[in-house]
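Here's the structure we're looking at; comments come further down.
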Amino acid sequence: MPAKGGNTTFSATSDALSATAPVKTPAAEGTAKGTSGRTVTNTWTIPKASTAAGATYFITSDGTLYHQEDVIAKNVTSAFGIVVPNGTDTATYVSGGKAYAVSASGTPTKITIQDSDKKDLTIKTAVGASYFITSDNSLYYKGTFIAKNVSSAFGIVVPNGTDTATFVSDGVAYGVVTGGKPTKVVIQDSNKKDLTIKTAVGASYYITSDNSLYYKGTFIAKNVSSAFGIVVPNGTDTATYVSDGVAYGVAGSGTPTQYTVPNPKTAAGAQYFLTTDGALYYKNDKMEDNVSSAFGIVVLNGTDTATYVVAPACQ
């Protein structure tokens with residue numbers, strides 16, 4: 001969740017876990033910035049900037065989607081930006097209950113998502129890559145039905161350019177490639193009993209109902225309050241997460257690395273974290289105060305980058 005503000009919504013997962021995706025905080029109308037590693041590289045003039053939505057897309061407090069300083073769409077309720085392997089910023093979003101896709105600041109393309117009677121469905125959430133969740137909690141890849149009763153999903157474009165997603169349906173973890181047949185991910189406790197899965201947090205990481213983090217079927221950590229998984233350019237699944245008030249990073253199912261971040265609250269992607277008092281950290285280094293929204297990604301050359309919104313100091 002954001003460090004400040006209220007009325008939080010999630011663009012890529014269920015409401016069950018904080019900040020595994022872009023986080024909207026309408027109370028914060030601040031300055032949009034971009035960073036590469038520890039260096040702030042850009043400041044964009046975006047009126048009422050509220051949410052960093054991934055890549056260099058932002059949503060304002062009145063629901064306008066921007067790519068950098070270019071208006072893309074209005075009445076946007078959900079958006080998810082990704083830098084694809086050729087280096088282009090792309091985003092999928094929902095406006096007026098319809099699904100759209102856009103590349104950089106180009107002309108958006110409507111994605112037709114219909115039921116078996118060819119009736120347009122109401123779209124609720126853009127969850128990354130070209131995956132969307134409808135108002136009845138069905139997961140679609142573009143116009144192809146994937147699964148029903150989906151409570152959490154997270155789409156990623158992997159290094160070869162393929163759209164993939166992980167999701168949770170009826171408490172079970174799955175993975176899917178484009179519009180293909182989903183694969184069940186077996187996640188069990190030490191007694192070989194299937195666990196109830198709550199949240200898909202990116203790459204092949206999942207949170208269980210008792211707040212344990214798993215990589216596929218391998219236990220990583222307990223008491224996890226926030227996590228964000230990313231596939232880095234060499235194809236390795238990685239994640240950052242917060243457990244018992246401590247920030248960590250992990251590659252695959254390896255040994256986690258601890259960061260020195262005071263009072264971390266949110267793993268914001270790549271190796272960026274938000275603290276309980278609204279400070280943005282990259283690894284162990286403080287970047288900025290009064291940050292209300294942040295979204296980190298790893299770009300093609302392997303560099304950690306993030307976009308974020310600095311709230312007015314009076315908030």
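The values are calculated or read from the model by the stated rules, or taken from the named source; none is laboratory data. All values reported here derive from a predicted model rather than from experimental measurement. When we count neighbours, we look across all protein chains shown, and the Cβ atoms used for this are built from the backbone with ideal geometry, even at glycine.
Evaluate segment 269-283: report whether one residue or more is farther than 23 Å from A49 by Cβ, in contact with a strand residue (DSSP E or B) (Cβ under 6 Å, 6 or more places away or on another chain), buried (at least 16 other Cβ atoms within 10 Å of the Cβ) and among the hydroxyl-bearing types (S, T, Y). Checked against the condition, which is being farther than 23 Å from A49 by Cβ, in contact with a strand residue (DSSP E or B) (Cβ under 6 Å, 6 or more places away or on another chain), buried (at least 16 other Cβ atoms within 10 Å of the Cβ) and among the hydroxyl-bearing types (S, T, Y), segment 269-283 yields no hits at all. Suppose the filter is in a loop (DSSP other than H, G, I, E, B) and either at pLDDT 95 or above or among the small types (G, A, S) (or both); does G87 pass it? In short, yes. Looking only at residues of segment 214-239 that are surrounded by fewer than 17 Cβ atoms within 10 Å (Cβ to Cβ) and among the hydroxyl-bearing types (S, T, Y), we find that the one that is farthest from the chain's Cα centre (by Cα) is T218.
Would you point out the residue of segment 250-309, among those that are in a loop (DSSP other than H, G, I, E, B) and either touching a helix residue (DSSP H, G or I) at 6+ places or on another chain (Cβ under 6 Å) or of a type in the set (D, E) (or both), that is nearest to Y206 (Cα to Cα)?
In this case the residue turns out to be D277.
Residues that are without any contact (Cβ under 8 Å) to a residue 40 or more places away in the chain, within 16 Å of the chain's Cα centre (by Cα) and more than 23 Å from K142 (Cβ to Cβ) within segment 160-205 comprise just one, Y205.
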